Every structure is written in structure tokens, then in C-alpha cells.
Amino acid sequence: MALLNAILIGAGNRGTEAYGYYAQQNPNQLSITAIAEPNPQRRNTLGDMLGIPPTMRFSSWEDMPSKQVADCAIIATMDTQHTKPAIHFMEMGYHLLLEKPMAPNQSESILIVKTAERLEKKVMLAHVLRYSSFFSRLRSEMNQGTIGQIMAVEHKENIGYFHMAHSYVRGNWRRAEESAPILLAKSCHDLDLLCWLLGEKCVSIASFGMLSHFHRGNHPKGAADRCLNCAIEPTCPYSAKKIYLGTPEGWPVSVITDDLSEPGRIRALQEGPYGRCVYMCDNNVPDHQIVSMVFGADILVNMMMIGFTASNTRTIRVFGTRGEIRGHFEKNQIEVHQFGASQPEIISISPYQIGGHNGSDFQMMDSFVRYITQEDYQGIQTTPRDSLESHLMAFAAEESRKTGQVIHMPTFRNQQGISHDHPLL
């Protein structure tokens, strides 16, 4: 594998723990030669880890060199800060790895896609699950015809009660107008997977979702505004003390403060957003949502995104005319139930041994390096226009959730200037 030189925009959780970590572990595949990050501690910690010269560490992407200094740019800023640097670096000549979602609204998402096509730039959106061993094997099983013609899919995005509290009640994605609708921010992965697994486009979409639990109306009697001085904290599963104190470093603890010592964590919970009572935050995104869809002529799909689960994983059931497939991402296990068979076939998946998302982060990065460095590489799993499909579905689902209407996707795409007939990769 040839060496790829990159600049990194954003050294937060994904920039550091996914892309920076990959570069550290694979110095012969990826070299990050410059970094832009407004937080000086994060900027310098990652810069030191990767040996980036101090002269190539910048507080803002606008301050980076005015001439191209690498093959590609990795954009790992917050969701609302993707568009300007993505357009800027493509126009400078860089190829892109863009963290998902590509942008928080239709117009900016479409602008990024059309700019990539106009400039003929190679752009990969970080839909990492397409590259996982688990979902690759699931897709293969579906395409083999073992369970006959696919009739329906039931897919669950189990956010996990602690992840819901961390990211979507207390954290950066708690307000749609400051980041993106939760369905886009959390589950564009899942909408993208459904398109890829089925090889079909969504024709109709309807959604229901609400914020039912995490609001002031459910603030328990006797509870405080912060967990550190709350009388009922010991009995609360969403306690910030339980989630952030006494646990190993790494996500989600690494997000709340740059000082991961016990005093540093306590100070963050005393002063920052992650120490707030989950019933006294300013969150406004749904804590549970369901999306019902028709793919192709007659494939019915139901997807649930729910914050009230014990674990953070994905589960799926695929129903065919000759059998059923059940999959559990966290367990790396697929069950193939053929009608009439005495026992199901149990398939245990061996995940990639390193990297987040069950190794999918590193599998995606391996593919990205080859995509940029090898002219004839055919392993790319998604184009920007493919990735746009899941975004349009998320925006249509949000419109349906707010209006109560069923959205006809060909019409919705045409309204955005996107052809319904464009083939999927």
C-alpha cells in the first residue's frame, strides 16, 4: 500500500481517535503532515503523537498554507463546520475524507456533492459500516439468494442509554439547529446501510419521533440540577458520576475534558455541560424515532432509533421468501434460518482486530488510502452521490416527522435537483 499524505482539519474525538490513531498505527500508509484545531492542547497532543512540526500546526483551517501541501484533506470538524473547508480544499486540489454527515442541510450537502463532481475530486464520506466485516458478510448472504427474494427488513439503531445521555441530551448533538437532526447525525449510517444492503432506492418514507423522557417535566422530586450534588444520584442510571468517574480513559470520558485526571473530570462535571441533570438540559432532539420505508417495488423496511437500550449496537432482521437472517453487530454474529431446516446456520464474524466500530474505522481507512493512491482501485464502496442518498432520506424523514405526511422520494429528490434515476454503486 502506497503512502498517502494528508492534512487533518479537526482533532476532536474522530480526528484523534480514528484518523490520528490510524496514522500512528500505520505510518507507512498514512502520514498527517499538517493539522488545524482551535483547542491548543488537542492540537499539540496529536501533533506531538504524530511528529507534526510546530510550523504545521494551525488554530484554524483558514491559516493553513495557501498552496497544496498533501494529497488529501480529512475533514473532522463539527457537523455545521464541514461545508466551507470541504469546498475550500477541493478547490485547492485536495481529495477528501469527510466525516459524516457531510452537512446539516440539503443545500450544503448537495453543494459538496456537485463541487466534487465538477472538480473531479475523489471524496469519501465516513460511512464506516459499509467497510465492516459484519455488514459485508450480511450483504453477501442477502445477495446469495439463500433466503429467497427479500421482502422486508427490521433494523434497530440501539443508541444505548449512556450514549443517548452523553451525546444527545448533554452533548454536542443535543440541539438540531446547532448540529443536525438526530436521524442525520446518528443514523445516516443506518439509512446508508439499508440502501447498500438492498441495492435499491427508497420510494416512500414516513417517520414518527418525539422527545418524551429527557425534559424538565420528568425532573425527579428532590433531584438537583447537577449530578455531583444530587440526593437521588445513586439511583439514577443517567448519573454523570457513573458514566464519567472511575472509568477508563477513552470515549466518552475523553470528550468532557482535556484533563482526564480525577480532579479534572470532577471540575468538568462541576462546570461543564456533561455534569448536568439529564432532565435539566437544553436538548430538543427526539429520544426515540421510527422510520418506515418502501424500497424498490415492494420491500418494506422499518428502522427504529432508540435511546432506551442497555447496549450501544445495531441489530437487524431480513425477511425473505425462503428464510430469515438475524444479525447482531456487537456480537459479530449472523443467523441464517432457512424455512424447513432443522437448525439455523450460525456465522461468527472475525472483526478487524484494531480500530473503532468493530474495526470498521481502520478497514475504511485502508480502502481510502488505496482509493487515493491507486488509479485502478475498485474497492471503493461509496461515492458522494451514493452518500447523499442517505442524507436526503434523513431530511425527508424529518419533514415527515414534523408534518405527519408520507414523503414520495422521487418527488422529494426532484425538488432538490437530484435525479431519482441515478444508479447506486
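Per-structure values
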quantity: Pick from the stretch 145-176, criterion among the basic types (Lys, Arg) and within 22 Å of GLN81 (Cβ to Cβ), ranking: surrounded by the most Cβ atoms within 10 Å (Cβ to Cβ); calculated: ARG170
quantity: Complete set of residues in the stretch 110-127 that are assigned to a helix (DSSP H, G or I) and within 16 Å of the chain's Cα centre (by Cα); calculated: none
quantity: Residue satisfying condition, being touching a strand residue (DSSP E or B) at 6+ places or on another chain (Cβ under 8 Å) and charged (D, E, K, R), within set GLU120, GLU99; calculated: GLU99
quantity: Residue within the stretch 54-68 that is modelled with pLDDT of 95 or more, part of a helix (DSSP H, G or I) and among the charged types (D, E, K, R) present; calculated: yes
quantity: Conditions (1) part of a loop (DSSP other than H, G, I, E, B); (2) out of contact with any strand residue (DSSP E or B) (no Cβ under 8 Å at 6 or more places or on another chain); (3) of a type outside the set (D, E, K, R): number failed by SER107; calculated: (1)
quantity: Pair list, Cβ < 9 Å and 6+ apart or interchain, from the stretch 388-410 residues that are over 21 Å from GLU200 (Cβ atoms) to residues that are among the acidic types (Asp, Glu); calculated: GLN405/GLU399
quantity: Of all residues in the stretch 288-302 being of a type outside the set (S, T, N, Q) and closer than 11 Å to PHE208 by Cα, the one that is surrounded by the fewest Cβ atoms within 10 Å (Cβ to Cβ); calculated: ILE290
quantity: Pairs, first over 12 Å from ARG174 (Cβ atoms) in the stretch 267-281, second assigned to a helix (DSSP H, G or I) and of a type in the set (Gly, Ala, Ser), C-beta under 6 Å, six or more apart; calculated: LEU269/ALA240; LEU269/GLY275; GLY275/ALA240
quantity: Residue list for the stretch 206-233, restricted to those being in a strand (DSSP E or B) and under 14 Å from MET305 (Cβ atoms); calculated: SER207, PHE208, GLY209, MET210
quantity: Evaluation of LYS201 against (1) closer than 19 Å to VAL128 by Cα; (2) crowded, with 18+ Cβ neighbours inside 10 Å; (3) at pLDDT below 95 (one fails), failing number; calculated: (1)
quantity: Helices (runs of 4 or more DSSP H) wholly inside the stretch 350-424 that include at least 2 residues being outside the structural domain of MET102 (by TED's automatic domain parsing) and of a type in the set (Lys, Arg); calculated: 384-403
quantity: Boolean, ALA34 is crowded, with 19+ Cβ neighbours inside 10 Å, closer than 21 Å to SER360 by Cβ and in contact with a helix residue (DSSP H, G or I) (Cβ under 9 Å, 6 or more places away or on another chain); calculated: no
quantity: Members of the stretch 169-203 found to be assigned to a helix (DSSP H, G or I) and within 13 Å of the chain's Cα centre (by Cα), listed by number; calculated: ILE182, LEU183, LEU184, ALA185, LYS186, SER187, CYS188, HIS189, ASP190, LEU191, ASP192, LEU193
quantity: Candidates SER387, SER350, SER342, filtered to the one that is among the hydroxyl-bearing types (Ser, Thr, Tyr), modelled with pLDDT under 95 and surrounded by 14 or more Cβ atoms within 10 Å (Cβ to Cβ); calculated: SER387
quantity: Residue in the stretch 262-282 that is part of a loop (DSSP other than H, G, I, E, B), within 30 Å of SER204 (Cα to Cα) and not hydroxyl-bearing (Ser, Thr, Tyr) present; calculated: no
quantity: Total residues in the stretch 25-55, condition more than 21 Å from PRO252 (Cα to Cα), within 24 Å of the chain's Cα centre (by Cα) and of a type outside the set (A, V, I, L, M, F, W, C); calculated: 4
quantity: Top-ranked residue of the stretch 212-256 - restricted to ones that are without any contact (Cβ under 8 Å) to a residue 40 or more places away in the chain and β-branched (Val, Ile, Thr), ranked as farthest from THR16 (Cα to Cα); calculated: ILE232
quantity: Residue check for MET102: in contact with a helix residue (DSSP H, G or I) (Cβ under 8 Å, 6 or more places away or on another chain) and in a strand (DSSP E or B); calculated: no
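The values are calculated or read from the model by the stated rules, or taken from the named source; none is laboratory data. Remember, predicted model here, so these are calculated numbers, not experimental data. Here the Cβ is made from the backbone with ideal geometry for all residues, glycine too, and neighbour counts use every protein chain on show.
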